[in-house]
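The values are calculated or read from the model by the stated rules, or taken from the named source; none is laboratory data. It should be emphasised that the depicted structure is a prediction, and the values quoted were computed from it without experimental measurement. Cβ sites come from the backbone with ideal geometry, for glycine too, and all protein chains shown count toward neighbours.
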2 protein chains.
Amino acid sequence: MPQPAGQHTVRRHNCALVLDAIADSPGLSRAGVAARTGLTKATVSTLVDRLAAASLVREQGPQHRAGPGRRGTSLSLSPEGPHGLGVEIAVDHVATCLVDLTGEVRWSAVSPSANRAQPAGRVLTRVAKAVRTALGEAAARDVTVGGVGVAVPGLVEASTGLLRRAPNLGWRDVDVPAELRRRTGLEAEVLVGNEANLAALAELRAGGHDGLRDFVHVSGEIGIGAGIVLDGELYHGTRGFGGELGHFPVSSRGPLCSCGARGCLERLAGQDAILGRAGAADLPTLLDRLEDGDRKAAAAVRAAARPLGTALSSVLNLLDVPAVVLGGTYARLFPWLGEPLRAELTGRVLSAPWQPIGVLRSPLGTEAAVRGAATAAVHTIVADPDTFIADGVLP
Amino acid sequence: MPQPAGQHTVRRHNCALVLDAIADSPGLSRAGVAARTGLTKATVSTLVDRLAAASLVREQGPQHRAGPGRRGTSLSLSPEGPHGLGVEIAVDHVATCLVDLTGEVRWSAVSPSANRAQPAGRVLTRVAKAVRTALGEAAARDVTVGGVGVAVPGLVEASTGLLRRAPNLGWRDVDVPAELRRRTGLEAEVLVGNEANLAALAELRAGGHDGLRDFVHVSGEIGIGAGIVLDGELYHGTRGFGGELGHFPVSSRGPLCSCGARGCLERLAGQDAILGRAGAADLPTLLDRLEDGDRKAAAAVRAAARPLGTALSSVLNLLDVPAVVLGGTYARLFPWLGEPLRAELTGRVLSAPWQPIGVLRSPLGTEAAVRGAATAAVHTIVADPDTFIADGVLP
């Protein structure tokens, strides 16, 4: 039950309301924002001036409009405003990118880095170097970095921001934001999140699945990552650990997993399992063979549809979301994996007879997690622009 | 992002705000409601008068208060106001109850009824008879029935209200509210929902787990029902089918299930499986033997902890909720089931090392579903009292 806003929060609330309206409908005039938000034109004008002075909003030439009356200017989120800096710490690389307020990627870089079983300090020194390069790039473009988001392959505790466990890196209890701040002198806010959750966030904001507000995003790289989107929001779980699917028990007699159990999903349907069954050394080789119509390769991909379908049908029966989006490696395998997976889900999801299940391909490729990290940083600015203007790192 | 309320919705919104404050803090004065809601005292007084005239709120003697000034009267939800009528259509019985606005059960009845594989029309005629009895009971108590909730053991589609499939009844595509209205001449709103979801709702409102806002409620009767509570709200899923757990695939070589798959959770951990392993004819016999320290009976219950722990650990890894509440048959078996289940979960849930998992016993017993159905009906009144007053079935 919403409560009337206290006096001191009114500007903050209305500032967010105005920016949200502009983000939702680029091209609105000040009068249009007033009509949509229920605020007076005078209030809207004051707030738009404030947002424009901080480069959050830009105003462009007269709006095209038929009929009489003064032509309003057209408002939109400013692509020259503060950017989000995204970082991904993966097992075999470090990625960075800059995303503007509209969600466009303006710059990105990937450095191969053998991070597996390396001490956190050594890897974070490499990451700090990549962050400094990105900050230099932002400075060269004369844009502010309004926030930093870091995607990590592990369990991040929301209350402390600690990376509690990253099995594929071998890390425990690492305070990634503090370590990066210490190494870079960063002043902007640093968020950290699970890479699969942030990839799902990128999919929600930039995947182009028009109107799809509820889905499970799954990608199969070294682990299997899942992120849950419910009602247009990333679902984090009560402590930030939501969306773990890699250790879903598919087969009680399957191969032993590093977690100690048998037959975990990632041992049966992850990239390594598919490559192993196909007898392919790496993903490009597998893709070449698939393109050439190699039967063994196609069968190896099809064989992953069964365990993946078993796990995802349980997720869909539990959550009742209408679609699965395949990202990362699974997006590249989509032409061979999509239909067998749809068939598995149709046979197992209880509601499938009268509510067909969407099996969709992510257009974002392997940069989804780093893009999601930057998007999360941008999102904190757009969700509360007044605080950003008051406290933010402005030029 | 909340929008300012349009003029026509203001009274409706404020009426709900006032009733919500009173429901949250019974004993508030009119001035206290004004302070909590931010509304003026004059507005609060008008709205309280409206709510009191409809018997939704009662006012009692002067509030005990130290210090000077007029003593306010104490406001609370009226136990003599409209009641919710709950109905449960189970495989072997029909239950009904009346719940007042405060959530207290004021009357209940259970009739054994062999409903399995009976035509829906025949069963619904029995149900209508039970509903008429409950309506007569309400009339004898001189209370209005403000809404009816019906709990059914199957998939209820939110958009249509159709019971799409109830495997244990053998029903498909039944419009339960229309059938009941036709047979009883009911004018109150009739809601229908899945029995496990409604049991979870009852647990949330009346389970007494103070402050627990996120949990999975599981009960094991003929099927295995689960209901998910997230952030203090029952999670329905996008189409109303959320919370299905019975066909979770625990073992690829387990016994064949009626759904066509092998090793579904309800075949391995449901009441029938436990009774079968214990060699007990029915639940009272099993409980007697457990009380007497019978080892075979205790081993049969412990054996259910493993498949239940496998399924629930996957649910907890996916949703990151901090507790499982065991209801129905599982609540009765709690002294023998609780610890083995906690051990399974602790070994399998990835966050368990630093966030212990709660395994709690429901105090509600087998009436949770019917109580949840009545609670849902009451909840629609409390959530929107103005519409109830305008359109409701008032004396």
Being surrounded by fewer than 19 Cβ atoms within 10 Å (Cβ to Cβ) and more than 19 Å from the chain's Cα centre (by Cα): is that true of A:Gly347 here? yes
Within the range A:136-179, of all residues that are under 20 Å from A:Ile381 (Cα atoms) and aliphatic (A, V, I, L, M), the one surrounded by the fewest Cβ atoms within 10 Å (Cβ to Cβ) is A:Ala139
Considering only the range A:360-383, I want to know if a residue exists there that is β-branched (Val, Ile, Thr), farther than 26 Å from B:Leu316 by Cβ and in a loop (DSSP other than H, G, I, E, B). no
- Regarding A:Leu186, is this residue in contact (Cβ under 8 Å) with a residue 12 or more places away in the chain and within 12 Å of another protein chain (Cβ to nearest Cβ)? no
Scanning the range B:254-266 for residues that are within 14 Å of chain A (Cβ to nearest Cβ) and either in contact with a helix residue (DSSP H, G or I) (Cβ under 9 Å, 6 or more places away or on another chain) or at positive phi (or both) gives B:Gly254, B:Pro255, B:Cys257, B:Ser258, B:Cys259, B:Gly260, B:Ala261, B:Gly263, B:Leu265, B:Glu266
### Message
Is it the case, given these coordinates, that B:Arg295 is surrounded by 15 or more Cβ atoms within 10 Å (Cβ to Cβ), of a type in the set (D, E, K, R) and at pLDDT 90 or above?
### Response
no
The lone condition B:Ala278 fails out of (1) more than 14 Å from chain A (Cβ to nearest Cβ); (2) closer than 16 Å to B:Ala303 by Cβ; (3) under 25 Å from the mean Cα position of the chain (by Cα) is (3)
Of the residues in the range A:322-332 that are surrounded by fewer than 24 Cβ atoms within 10 Å (Cβ to Cβ) and within 14 Å of another protein chain (Cβ to nearest Cβ), the one that is nearest to the chain's Cα centre (by Cα) is A:Ala323
Listed by first then second residue, the pairs whose first member lies in the range B:328-348 and is at positive phi, whose partner is β-branched (Val, Ile, Thr) and assigned to a helix (DSSP H, G or I), with beta carbons under 6 Å and at least 6 positions apart or on separate chains, are B:Gly328/B:Thr366
With criteria (1) within 11 Å of chain A (Cβ to nearest Cβ); (2) part of a loop (DSSP other than H, G, I, E, B), B:Ile222 comes up short on (1)
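Against the condition within 25 Å of the chain's Cα centre (by Cα) and surrounded by fewer than 22 Cβ atoms within 10 Å (Cβ to Cβ), how does B:Leu318 come out, does it pass? Walk me through it before giving the result.
On the way: within 25 Å of the chain's Cα centre (by Cα): yes; surrounded by fewer than 22 Cβ atoms within 10 Å (Cβ to Cβ): no.
Criteria not met by B:Leu318.
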Subset of the range A:142-172, residues under 17 Å from A:Val127 (Cβ atoms) and free of Cβ contacts under 8 Å to residues at least 60 places away in the same chain, comes to A:Gly154, A:Gly161, A:Leu162, A:Leu163, A:Ala166, A:Gly170, A:Trp171
Among the residues of the range A:225-239, the number that are within 7 Å of chain B (Cβ to nearest Cβ) and not charged (D, E, K, R) is 2
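Return the total of residues in the range B:197-216 being outside any loop (DSSP other than H, G, I, E, B), of a type outside the set (S, T, N, Q) and within 18 Å of B:Thr366 (Cβ to Cβ).
9
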query = Quick check, is A:Glu244 among the acidic types (Asp, Glu), under 26 Å from B:Glu233 (Cβ atoms), assigned by TED's automatic domain parsing to the domain that holds A:Ser313 and buried (at least 24 other Cβ atoms within 10 Å of the Cβ)?
reply = yes
Q. Can you find a residue in the range B:358-368 that is out of contact with any Cys (no Cβ under 7 Å at 6 or more places or on another chain) and within 14 Å of chain A (Cβ to nearest Cβ)?
A. yes
Checked pairs for the range A:26-40, first within 14 Å of another protein chain (Cβ to nearest Cβ), second at pLDDT 90 or above and outside any helix (DSSP H, G or I), C-beta under 8 Å and 6 or more apart or across chains, list as A:Val33/A:Leu39; A:Val33/A:Leu75; A:Ala34/A:Thr40; A:Arg36/A:Ser25; A:Arg36/A:Leu28
Those helices (runs of 4 or more DSSP H) completely within the range B:256-301 that have 3 or more residues that are assigned by TED's automatic domain parsing to the domain that holds B:Gly225 and out of contact with any Leu (no Cβ under 9 Å at 6 or more places or on another chain) are B:271-278, B:283-291
Of (1) more than 8 Å from every other protein chain (Cβ to nearest Cβ); (2) in contact (Cβ under 8 Å) with a residue 24 or more places away in the chain; (3) not in a helix (DSSP H, G or I), B:Ala304 fails just (3)
Note on the range B:241-253: residues within 21 Å of B:Ala166 (Cβ to Cβ), at the interface with chain A (Cβ under 7 Å from one of its Cβ atoms) and of a type outside the set (Asp, Glu) are B:Phe241, B:Gly242, B:Gly243, B:Leu245, B:His247, B:Phe248
If we keep only residues of the range B:197-222 that are crowded, with 24+ Cβ neighbours inside 10 Å and over 23 Å from B:Pro356 (Cα atoms), then the residue modelled with the lowest pLDDT is B:Glu221
Scanning the range B:220-232 for residues that are under 26 Å from B:Leu101 (Cα atoms) and in contact with a Gly (Cβ under 8 Å, 6 or more places away or on another chain) gives B:Ala226, B:Gly227, B:Ile228
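State the number of residues belonging to the range A:157-173 that are farther than 19 Å from A:Gly328 by Cβ and within 13 Å of chain B (Cβ to nearest Cβ).
10
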Within the range A:202-219, residues away from every other protein chain (no Cβ under 12 Å) and acidic (Asp, Glu) come out as A:Glu203, A:Asp210
